[in-house]
């Protein structure tokens with residue numbers, strides 16, 4: 001039986017400039033979105049494994065979903081977001097400019113950030129390692145927009161580009177079949193997850209940034 005793999009990013013976070021970004025938590029909107037999805041476990045009813053990044057915002061997204069599904073959460077540090085500790089917190093406009101450079105120059109360590117090509121290799125290896133283990137049921141990865149976009153590009157066999165980034169606010173997902181390793185649709189808001197609908201039926205609104 002084909003296994004569907006979903007990659008879900010954490011939704012909105014509480015921005016705390018003096019705190020390590022890896023320790024940031026979801027804000028009230030993000031928590032509400034996760035709670036709403038956890039209240040509908042039937043949309044992920046075939047899921048047999050939930051694997052999360054070890055960053056707080058990802059864990060706060062994954063834990064309620066795993067609990068709702070009656071599963072024990074697995075944590076993989078290799079699924080963390082691209083390493084941006086060299087700059088620490090950046091004001092939103094400056095962050096967006098540096099993020100643009102990060103995607104546009106995948107072979108360079110833009111302002112000391114982990115190179116996009118290295119972050120891509122890391123997230124692809126983490127996903128492949130999980131898929132190499134024989135198991136039943138769908139898989140839900142919970143992570144971040146940056147490395148999620150790099151994964152999307154790799155699976156789509158396209159060059160690294162921010163035009164394939166998720167929409168504003170986070171809390172988006174895409175899926176692929178474990179045997180095919182090719183996205184079945186573009187990024188979709190977590191609220192679009194429904195029982196009985198095929199991924200290809202979802203509209204692609206708001207995909208290209």
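The values are calculated or read from the model by the stated rules, or taken from the named source; none is laboratory data. These figures come from a predicted structure and were not determined experimentally. No Cβ is skipped: glycine too gets one built from the backbone with ideal geometry, and neighbour counts run over all protein chains shown.
Tabulated data
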item: Filter result for residue 85 (in contact (Cβ under 8 Å) with a residue 60 or more places away in the chain and more than 24 Å from residue 29 (Cβ to Cβ)); result: yes
item: Hits in the stretch 67-89 - residues which are outside any helix (DSSP H, G or I) and either in contact with a strand residue (DSSP E or B) (Cβ under 9 Å, 6 or more places away or on another chain) or more than 30 Å from residue 102 (Cα to Cα) (or both); result: 69, 70, 71, 72, 73, 74, 75, 76, 80, 81
item: Criterion (crowded, with 21+ Cβ neighbours inside 10 Å and either within 26 Å of residue 90 (Cα to Cα) or in contact (Cβ under 8 Å) with a residue 60 or more places away in the chain (or both)) met by exactly one of 56, 50; result: 50
item: Positions within the stretch 160-176 being in a loop (DSSP other than H, G, I, E, B) and in contact (Cβ under 8 Å) with a residue 12 or more places away in the chain, in sequence order; result: 160, 161, 165, 166, 167, 169, 170, 171
item: Top-ranked residue in the stretch 183-193 [being part of a loop (DSSP other than H, G, I, E, B) and touching a helix residue (DSSP H, G or I) at 6+ places or on another chain (Cβ under 6 Å); ranked as farthest from residue 137 (Cα to Cα)]; result: 185
item: Boolean, residue 102 is at pLDDT below 95 and surrounded by 12 or more Cβ atoms within 10 Å (Cβ to Cβ); result: no
item: All positions within the stretch 34-66 that are assigned to a helix (DSSP H, G or I) and in contact with a helix residue (DSSP H, G or I) (Cβ under 6 Å, 6 or more places away or on another chain); result: 34, 37, 38, 41, 56, 61, 64, 65
